[in-house]
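The values are calculated or read from the model by the stated rules, or taken from the named source; none is laboratory data. Since the structure is predicted, the reported quantities are computational estimates derived from the model, not experimental observations. Using ideal geometry, Cβ is built from the backbone for each residue, glycine included, and neighbour counts are taken over all protein chains shown. Just so you know, the surface numbers come from the protein's heavy atoms only, side chains and all, with ligands and any DNA or RNA stripped out. Shrake-Rupley method; radii C 1.70, N 1.55, O 1.52, S 1.80 Å.
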Amino acid sequence: MSRIGRLPIAIPAGVTVDIAENNNVTIKGPKGELSRALPEAMTIKVEGTEIVVTRPDDLKKNKALHGLTRALLNNMVIGVTDGFEKKLEINGVGYRAALQGRKLVLTLGYSHPVEYEACEGVEIEVPDQTHINVKGISKEKVGQTAAEIRSFRAPEPYKGKGIKYVDEYIRRKDGKAGKTAAAE
């Protein structure tokens, strides 16, 4: 059995789970509401204060869907209770971020400022000019938004200039090697 799929998901206080036909699941919590259509082959049941996902047989596809379904449900429960956050850091001389209403304005060394507006359900904060926080209840939307912001100027390996995740490590390369006296 799937190691992840067989684990039950605890439902915290204040969270309601509604399972409609065709595995359309709606989860409501203190931070908001998420709904998603999950694979119909899986059986999703609410047993007391837990959500249990079972699969019909041991086909390879169903084994994969078992863990996926459980992980998606768990992310929905975490999203409506705690929410998700990705932190980005900007490195580089003159590189900075500013917030104008809901629009993020980035100065990244191009001839023009880069403007980005987040999708619904995602909130962008700029605590200072070199840090960006992306928050929301959907893990998928938060991750996608952070990845799109990072893609405007991905960190380069020589000086590390660009936008990176706070916990990301940039492997540095040596610059151009100069001539040495022994090489001549």
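Here are a few things to note about the model shown:
- Crossing angle, helix 139-151 versus the chain [Cα axis fit, 0-90 degrees, rounded to tens]: 10
- For the chain, a Gaussian network of Cα nodes joined below 10 Å ranks R172, R102, R150 by mean-square fluctuation, and the top entry is R172.
- Positive-end extreme of charge dipole, the stretch 1-85 - chosen from P30, F84, A20 (charges on Cβ): F84
- Under-5 Å amide H pairs with E50, H placed in peptide plane, nonlocal only: I11
- Gyration tensor (alpha-carbon) shape descriptor, the stretch 1-51, a/c threshold 1.5: oblate
- Note on surface exposure: E140, E148, E89 rank E140, E148, E89 by accessible area, highest first, 1.4 Å probe.
- Stretching S35 away from E156 to a fully extended chain increases their span by 39.7 nm, per 0.36 nm per residue minus the current alpha-carbon distance.
- Against the chain, whose longest principal axis is taken from its Cα atoms, helix 60-81 shows a tilt of about 80°.
- Computed magnitude of the charge dipole of the chain (debye, nearest 20; Cβ of K, R +1, Cβ of D, E -1): 740
- Interchain or long-range residues, amide H under 5 Å from G121's placed H: none
- Restricting the chymotrypsin sites (Phe, Trp or Tyr not before Pro) of the stretch 98-156 to loop positions (DSSP other than H, G, I, E, B) with no more than 11 neighbouring Cβ atoms within 10 Å leaves Y110.
- The slack between H112 and D18, meaning 0.36 nm per residue of separation minus the straight C-alpha distance, is 29.1 nm.
- Using a Gaussian network model of the chain in which every pair of alpha carbons under 10 angstrom is joined by a spring, one finds that among S138, S111, S151 the greatest mean-square fluctuation is at S111.
- When the chain is treated as a GNM with alpha-carbon contacts under 10 Å, the residue of A98, A64, A147 showing the greatest mean-square fluctuation is A64.
- Rounded FRET efficiency, nearest 0.05, which uses the C-beta distance separating E148 from R171 and R0 of 22 Å: 0.45
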